[in-house]
Amino acid sequence: MEIESISYVLDTFFAIFAMVLIIFMVPGFAMLEAGLVRTKNVTAVLTINTLIYAVASLAFLLFGYSIAFGDFGSDSMSKWAAFLFQMAFVGKVVNIMSGGVSERAKVIPLAFFTVLMASVIYPLVVNVTWGANFLENTALNLSMYDLAGSTVIHSTGGWALLAAILIIGNRKGRYPKTGGVRVIPASNIPLVTLGAMLLWIGWFGFNGGSVGSIASKESANAVALTILNTNTAGLAGAIMVSIIMYIKYSKLDITMILNGALGGLVAITAGPDLYNIYTPILIGAIGGTLVVFAVSFFDKLRIDDPVGALSVHLVNGIWGTLAVGIFASNGQDITFFGQLKGVLVIGIFAFVVSYVVLFMLNKIVALRAHNEEEMQGLDVEECGIEAYPEFKRAF
């Protein structure tokens, strides 16, 4: 077999294997969100996560991929493997949003928004960053480096979530009129832990696969370094949050520790192939710190995010992209202002378009469940199946 053919087979297999790891993030998001919401809303969370994968993937196949990249095609691997790898990413943008509006958002409107996000909004973001680039040779042309999507995926999903929360509002009773924040405990900590760990594993395909090739000594080393740095940032995020939580509260909150790890993973996603093996410790530690303080910040603004997605994905998507401009040292043409420009352009586009689309969609079919439905729980009203029917539910 010729060397070129061997490389083609290896890279095709690598893309498919990375895609499978990324698909592990589907149950990862589902379990994380199911564990963080109340038992009366678990089936609804699982349903929308399942629909997001199905609807987003099909919409990307039919419309989104061609908007993002043009025609199907790849010289280094099977074009079908290249598509599958990109398809695995698309649902994650909406997963970020769905968790943040859980316990009050209805399933069908979120499925409609998924179609629009996967068909048009996300593909346009990809077009100007990784894809065909219709902004080339214009003043808005982006030079941002974002290997696996700190901004392209995580911040885009975070901006869409912020738009959705502003339209849909907070859960009933989350912010009492007398002031303060009503704590709504997670319903299933083992599920939260399982979900976060599945996401962590999926990140190795998410970032490692984004290197694009493994068929040479140089590319194999790049993949290994990328995965090493990805893991290191997650470790640092978890440890830093543990330290902060113990200093502040003399308690170790596993949900915050896991979100700290995820924050570190989001932060490293923009440039894990660019750093030495020590820089990700700092990037991940800062990412975990940002999660702790961002959660409190959004609560002070009375922005209700049950799973902490804004703190993990939006805040650390921005931080991770800017970190490339600060720490990248491999000689590439990367500047802080180029990274900042990308963050701003994508952020403005993603937020404004998502807000307009969600606002119009809300006029057609209400995004939010009625008060009685929210109190009863979306499992009964939206799905007709309770995840824990033997439990006596507290409203």
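The longest stretch of the chain left intact once loop-based GluC sites (Glu not before Pro) with at most 11 other Cβ atoms within 10 Å are removed from consideration, loops following DSSP, is 137-389. With the highest mean first, a sort of the peptides 253-264, 198-209 on other beta-carbon atoms found within 10 angstrom per residue produces 253-264, 198-209. The accessible area of residue 275, taken with all protein chains in place and a 1.4 Å probe, comes to roughly 10 Å². When 304, 299 are compared by accessible area at a 1.4 angstrom probe, the order from most to least is 299, 304. Residue 171 sits with roughly 10 Å² accessible to a 1.4 Å probe, with DNA, RNA and ligands left out of the calculation. In the chain, the longest principal axis of the Cα atoms and the axis of helix 217-249 are about 30 degrees apart. Just how far, in whole angstrom, is the range 175-200 from the range 269-283 if you go by their alpha carbon centroids? What the calculation gives is 29 Å, centre to centre. When the residues 360, 19 are ordered by accessible surface, computed with a 1.4 Å probe over the protein chains alone, the sequence from largest down reads 360, 19.
Cα-based values for the chain, radius of gyration first and Dmax second, are 20.3, 74 Å. By the equivalent-ellipsoid construction on the alpha carbon gyration tensor, the range 63-211 comes out with semi-axes of 33, 19, 14 Å, ordered largest to smallest. Legend: distances between Cα atoms for 106/341; 106/177; 177/251; 300/341; 177/248; pairs beyond 30 Å are 106/341. Under a no-solvent Debye model with one identical scatterer per Cα of the range 240-348, what's log10 I(q)/I(0) at q = 0.12, 0.19, 0.24 Å⁻¹? So the normalised log intensities work out to -0.43, -0.94, -1.25. Computed over protein heavy atoms with a 1.4 angstrom probe, the accessible surface ordering of 266, 26, largest first, is 26, 266.
Entry note, the chain: the mean residue ellipticity at 222 nm calculated from DSSP H runs of n ≥ 4, each adding -39500 (n - 2.57), is -20500 deg cm²/dmol after division by the residues and rounding to the nearest 500. The alpha-carbon of residue 40 sits under 14 angstrom from the alpha-carbons of these aspartates and glutamates, leaving out residues fewer than 8 places away in its chain: 103, 372, 373, 374, 379, 381, 382, 386, 390.
For the range 103-113, 3J(HN,Hα) computed residue by residue from phi via the Karplus equation (6.51, -1.76, 1.60; θ = phi - 60°) reads 6, 8, 8, 7, 5, 5, x, 5, 5, 4, 5 Hz, glycine and proline entered as x.
The values are calculated or read from the model by the stated rules, or taken from the named source; none is laboratory data. Note that the structure is a prediction, hence the values are computed from the model and not measured. Glycine also receives a Cβ, built like all others from the backbone with ideal geometry; neighbour counts cover every protein chain displayed. Calculation scope for accessible area: heavy atoms of the full protein, side chains included, ligands and nucleic acids excluded. Shrake-Rupley method; radii C 1.70, N 1.55, O 1.52, S 1.80 Å.
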